[in-house]
Every structure is written in structure tokens, then in C-alpha cells.
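Worksheet for the structure shown next.
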Amino acid sequence: MSLDIAALRSAVPGLHRSIRGESLIYLDYAATAQRPQAVLDAVYRANTELNANVHRGVHTVSAEVSAAFEAARARVATFLGAEPSEIVFTRGTTEALNLAAQGIAATRLRPRSRILLTQQEHHANLVPWQLVAHPRGARVECMRLDDAGSIDVEAAHRQIRAGGLAVLGLPLVSNVLGSRAPVETLSAAARDVGAVVVVDAAQAVAHGPLDVHAIGADVVAFSGHKVYGPTGIGVLWARSDLLHAWPPWQGGGDMIERVSFDSTTYRPPPARFEAGTPPIAAALGLHAALDWLDAVGWSTIRARETQLRARLLAILDGLDFIERLPGRPDVPLACFNVRGVHAHDVGTILDQHGIAVRTGRHCADPLHTLLGLDASVRASASFLNTEAELDHLEAALGEVAEVFGVV
């Protein structure tokens, strides 16, 4: 089935604006996806027709919004091949990974425990581990990358078997290189030595549903806004036995059974980790986003993104003044620089043409340092983009080169 791109774009209001008289060309989907009207409608309904708190009343509106909130949890569980009781709603990937780090630290980390990460990590899957490791005498280590920027699998297996491994952390898809990590083989090796496998799936979820069990994960985190949903909601999936072992990490309403000044008892997961009023409207919006993507069709989305990825790489690799970061991305995302021009200058000129890209270090300092880069430009496309938009990017990059005299 082919996509009616024009019809799909017409249902995404954020794509209809102009920048300084130029039609917006949005190539920053790895940062946040443009939301369809179906998501905006779901959020509006949550704030109007269903405007009440969840799990806190017997009145009709509270009962209805509570049911809708739990339906969103069940929808996310289906998306991940998991059980609703294993889904914890958070504010985003960052909070989800912090929660996981705190829970694992309380139950698994000992002096000289090892936490093995990659040099591709987003800071959200690095800094939380530093915060919990150092006070406990644990160590944070990184896997080596090869010349193509991929994980050196043979070396990684040696590190996994080196003893004392408590945690293996991986990005399912790199937010800088766009490459998919060999999660299945590495997770199997890590679980063989009793380590917990934590997967940052923030950059993967926009490209298809996950089977958390098939990839061998014990913990998976992602954000709603990466998958065409609202900001302010994230998802933490963890194995049921892990969730039940972790202590509460925040206290307040809805996560307790009974409270007295002498002691407090806590509800089982996921409620144990959802203190206070949760992101209700955002949860309903996330539900709508996943339904919308299902209606578009994942196989069609993947086919379209494969075409756009090929076109994006052909453009960048065909310009001799472009220095693209190593490797071949598995999603329509590429980081690059214009030779001799700072990434921020490139982004500023592209913005004059209405082209939105990400510039900087993309919350991936260790990888940029490894590659000897101060910053880079990231163009990340969606099935909603057109070939004409990528052609406009090519022309605008040519203007950047002319302005700075690098042609």
C-alpha cells in the first residue's frame, strides 16, 4: 500500500506553518515528532470532556478518565509485547532511565559492580548510572566502537564476560549515527552472566513496534513525543520481578496502600512508581498516536522511510564539501558537517530556508569527543517528509558552501 503523503501531511498541523516566508521543512524528528490532529484531539478531550483526576473518585468523569488512562497503558503494552502491569508512565525517557537506575542500584549494585555502556549513549543513559555508581563503589565502563562507529561485538563479549557485570546499557538506535545496536546477541551474553539489560529505545519507537522479549531486554524506556505523541509522557517497561523488587523512588498520593506516622505500605507496580497526579492528557495522546501509526501501517511507514533514508544519504554523500559521520544509518537520520563551517552556522543558514535541523552535540558528548568533533548537524526525516523537501535541503547546503567559500 502506498502512502498518500499529501493527505497525511494535511492532518499534521505543525507542518503547515512558514518560517520567514519559507514553508517549514521539518527535519528534526529525532528531537521530537510533529503531532497529528488525532493526538491533539485526544489531548483536548482529556482536558475538556474527561477533565478529572484518575483513580481518585467515584464520580462519572473520574471513572471515565481512569478507564481511558488504563486503556492507554494497555495500548502501550501491546506496542511493546508486554503486560499492562509492567508499564510505568513517567515524564519521558530521561525520568524512566533514572527510575531504572535507582531501582537497579538499590537491588543489584555492590562495590566493584560493573555497568557497561556504549560510547553512543545519550546522556540520559549515562549520567543516571554515574549518579548511582559512584556512591556505591561501582564502575561505569564503555564498549569500544569500530571505525564505522558500530559496537565492536567481539570486544564487547569479552567485556561482558570479564566478571562483576551488573548492568548492560544500550541505545537500540543511536541518536547520532542512526545505527541499530546488536541488542539481541549482546543481551543474550549479558543475561548469561546475570546482568540486567537496559535498552534506551527513544530513537527506535518511531520506526516500528518493539518486542521487548525478542530483543532480550529487561528494561526498556522511551518518550511519547518521539512517536508522534505529546511531550511530558514517557514509558518504562521492566520485567515484573524487577519492578516488584525495586523500592519506591518518589513518595506521595496513589502509590501507597496505608499511611501512618509509624509506617507506610506501598502499592504493587506500576502504581508504586507513579506518585502524584500522572500525565493524564499526555497518556491519552500517546494512545491516539499509536493508533494513528497503526492506521497508517507500519510496513508502509518502513518502506517509505527506507526510500527517504536512501535519498538523504545520496544527497549528503554526493556533495564533496559534506563530511558525514561514519557508518550507514538504519533509519532516515544522518549527522554531518560542512567542511570548515561550524554546525551552528550551517543550522542558521538552513533556518533561513525554513529547514529545521538539530545542531550541536545531540546530548552525546562522549561520541562527539571520540570522533574529534565539536558539534555536528543532524537531519532526521519521517515518512511525512517529501523528496522535494530533501532536494531543498541539498540546494540550501550548496548555498552554505558558497557563503563560506568551501565549494
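Laboratory data are not the source of any read-out in this text; all were calculated from the coordinates shown. These figures come from a predicted structure and were not determined experimentally. Positions of Cβ are generated from backbone atoms using ideal geometry, with glycine treated the same way; all protein chains shown enter the neighbour counts.
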Per the helix-only calculation at 222 nm, which mean residue ellipticity applies to the chain, given -39500 (n - 2.57) for every DSSP H run of n ≥ 4 and division by its residues, nearest 500 deg cm²/dmol?
-> -11500 deg cm²/dmol
In whole Å, largest first, the alpha carbons of the range 1-96 cover along the principal axes 52, 33, 31
Residues with amide H under 5 Å of Arg324's amide H, sequence separation 5 or more or different chain, H placed in the peptide plane at 1.01 Å from N; which?
-> Asn337
What list of ³J(HN,Hα) values in whole Hz, one per residue of the range 300-316 in order, does the Karplus curve 6.51 cos²θ - 1.76 cosθ + 1.60 (θ = phi - 60°) give from phi, with Gly and Pro shown as x?
-> 5, 4, 5, 5, 5, 5, 4, 5, 5, 4, 4, 5, 4, 5, 4, 5, 5
Each residue of the range 2-9 in order: what ³J(HN,Hα) in whole Hz does its phi give by Karplus 6.51 cos²θ - 1.76 cosθ + 1.60, θ = phi - 60°, with x for Gly and Pro?
-> 8, 8, 8, 4, 4, 5, 5, 5
Among Glu83, Glu154, Glu64, determine the one that fluctuates most according to a GNM of the chain built with springs between C-alpha atoms less than 10 Å apart.
-> Glu154
For Ala289, net neighbour charge (Lys/Arg +1, Asp/Glu -1) across residues whose Cβ lies under 15 Å away = +2
Expressed in whole Å with the largest first, what are the equivalent ellipsoid semi-axes of the range 41-293 derived from the C-alpha gyration tensor as the square root of 5 times each eigenvalue?
-> 33, 22, 13
Residues of the range 359-399 with amide nitrogen under 19 Å from the 7 Å Cα-to-Cβ point of Ala7?
-> 383-387
Within the set Arg258, Arg91, Arg108, GNM on the chain using Cα springs under 10 Å gives the largest fluctuation to Arg258
GNM top mover of Gln159, Gln102, Gln352 - the chain, alpha-carbon springs below 10 Å | Gln352
For Ser380, Ser299, Ser23, what's the fewest-to-most ordering of other Cβ within 10 Å of each Cβ?
-> Ser299, Ser23, Ser380
Determine, for Leu284, Leu242, the number of other Cβ atoms within 10 Å of each Cβ, and report the residues in order from fewest to most.
-> Leu242, Leu284
When the Karplus curve 6.51 cos²θ - 1.76 cosθ + 1.60 is applied with θ = phi - 60°, which whole-Hz ³J(HN,Hα) does each residue of the range 362-374 get, with x for Gly and Pro?
-> 6, 6, 9, 4, x, 5, 5, 5, 4, 7, x, 10, 6
Taking neighbour counts of Cβ atoms within 10 Å as a proxy for exposure, in what order, fewest first, do Phe383, Phe321, Phe261 appear?
-> Phe261, Phe321, Phe383
Can you list the residues, at least 5 places off or on another chain, whose amide H is less than 5 Å from the amide H of Gly169, using H built in the peptide plane?
-> Leu116, Leu117, Val198
Place a +1 charge on the Cβ of each Lys and Arg in the range 41-293 and a -1 charge on the Cβ of each Asp and Glu, then give the dipole magnitude about the Cα centre in debye, rounded to the nearest 20.
-> 680
Collect residues whose amide H, placed 1.01 Å from N in the peptide plane, falls under 5 Å from the amide H of Gly253; neighbours closer than 5 in sequence don't count.
-> Gly276
Quick one: if you take sqrt(5λ) for each eigenvalue of the C-alpha gyration tensor of the range 100-247, what semi-axes come out, biggest first, whole angstrom?
-> 22, 19, 14
